[in-house]
Amino acid sequence: MPAISALLLPVGMAVAAGLVGSVAVMRRMTLAADAISHIALPGVGLALIFHFNPVLGALAALFVGTLLVWAVERQTRIPTEAIIGVVFSAALAVGSMMTSGEALIDALFGAPHTLGRAELVLGGVAAVVVIAFILRARSELVITLVSPDLARTAGINVARVDLLFLFAFALTVALGLRYLGVLLMGSLIIIPAATAKQLARSLSGMQLIAVGIAVFATLVGAVAGPMVGVETGPLTIVVAAAVFFVSLVVRRAQ
């Protein structure tokens, strides 16, 4: 069983995932969430080639990809989801060519046992930054979602808010790469939020439920996985998905 201190980062990651996912589901970024996580693959490949921390390479790729998506959307007005899909496809292809073997498996599904002390500290700071941003900018994010024109009238810089949210999304994905990998991290962001949407009656309720489900699934994966000989990442997502299906039954019974 992992020590309590070793669980602090995955819990912080889960809280960030629940909060970011709530906004992403409201913005109808459900399919785009998985795509964003795949943008990290080329960075992982470069990190392995030049022998530096794969998480740093993934983070660099995520931020470059985020800037590219944001800039293209500003210039062309093509929907964010479509742009992310194109960037995702290219990133997945390039990353697959640059990474192979065990390193590719770790990048795709996570490798929590390889976390170092520096990664734990930086990950904790990043989780706090994401959580603080979502809580502080919640009103701006909601107004921008409801009506960009209304947001501009209220003095909100819509382009800046959109960019900062995409950065927060990318940082949340980077937080989970060691635990869940690029294939599964998007699921931890979206599944708890989609579940919360079925059950909540307000945005605050949705965020609380999403955070609770994400934390619960992450703790089950981190604690029960090693005990039963199952990988942490897949078990985490299976638990989150199971809660989602239970929520459908609960909602139907209401």
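Residue check: Ala174 meets all listed conditions (1) at pLDDT below 85; (2) under 24 Å from Val72 (Cα atoms); (3) more than 21 Å from the chain's Cα centre (by Cα) but one, namely (3). Looking across segment 224-254, the residues that are surrounded by 15 or more Cβ atoms within 10 Å (Cβ to Cβ) and touching a residue at least 60 places away in the same chain (Cβ under 8 Å) come down to Pro226, Glu231, Thr232, Gly233, Pro234. Number of residues in segment 153-165 that are surrounded by fewer than 24 Cβ atoms within 10 Å (Cβ to Cβ) and assigned to a helix (DSSP H, G or I): the value is 8. Remark: Val142 falls outside the filter, which requires a residue to be surrounded by 15 or more Cβ atoms within 10 Å (Cβ to Cβ) and part of a helix (DSSP H, G or I). With respect to the conditions (1) modelled with pLDDT under 90; (2) under 26 Å from Leu68 (Cα atoms), Leu188 lacks only one, and its number is (1). Sort through Phe88, Phe109 and tell me the only one that's modelled with pLDDT under 85 and touching an Asp or Glu at 6+ places or on another chain (Cβ under 7 Å). Only one candidate passes the filter, namely Phe109. In segment 174-228, which residue that is among the hydroxyl-bearing types (Ser, Thr, Tyr) and in a helix (DSSP H, G or I) is nearest to Gly12 (Cα to Cα)? Once the filter is applied, the top-ranked residue is Thr218. Residues that are in contact with a helix residue (DSSP H, G or I) (Cβ under 9 Å, 6 or more places away or on another chain), closer than 13 Å to Gly21 by Cα, in contact (Cβ under 8 Å) with a residue 24 or more places away in the chain and surrounded by fewer than 24 Cβ atoms within 10 Å (Cβ to Cβ): does segment 172-180 have at least one? Taking every residue of segment 172-180 in turn, none turns out to be in contact with a helix residue (DSSP H, G or I) (Cβ under 9 Å, 6 or more places away or on another chain), closer than 13 Å to Gly21 by Cα, in contact (Cβ under 8 Å) with a residue 24 or more places away in the chain and surrounded by fewer than 24 Cβ atoms within 10 Å (Cβ to Cβ). When segment 226-240 is limited to residues that are modelled with pLDDT of 90 or more and touching a helix residue (DSSP H, G or I) at 6+ places or on another chain (Cβ under 6 Å), the one that is nearest to Val211 (Cα to Cα) turns out to be Ala240. Within segment 55-82, residues that are assigned to a loop (DSSP other than H, G, I, E, B) and polar (S, T, N, Q) have Cβ atoms under 6 Å from residues that are modelled with pLDDT of 75 or more and surrounded by fewer than 23 Cβ atoms within 10 Å (Cβ to Cβ) in no pair, counting only partners at least 6 apart in sequence or on another chain. Given the criteria within 21 Å of the chain's Cα centre (by Cα) and without any contact (Cβ under 8 Å) to a residue 12 or more places away in the chain, does Ser139 qualify? Yes; evaluated as a whole, the condition is true for this residue.
The values are calculated or read from the model by the stated rules, or taken from the named source; none is laboratory data. Computed from a prediction, not measured in an experiment: that's the story for all the values here. Note: ideal-geometry Cβ built from the backbone for every residue, glycine included; neighbour counts use all protein chains shown.
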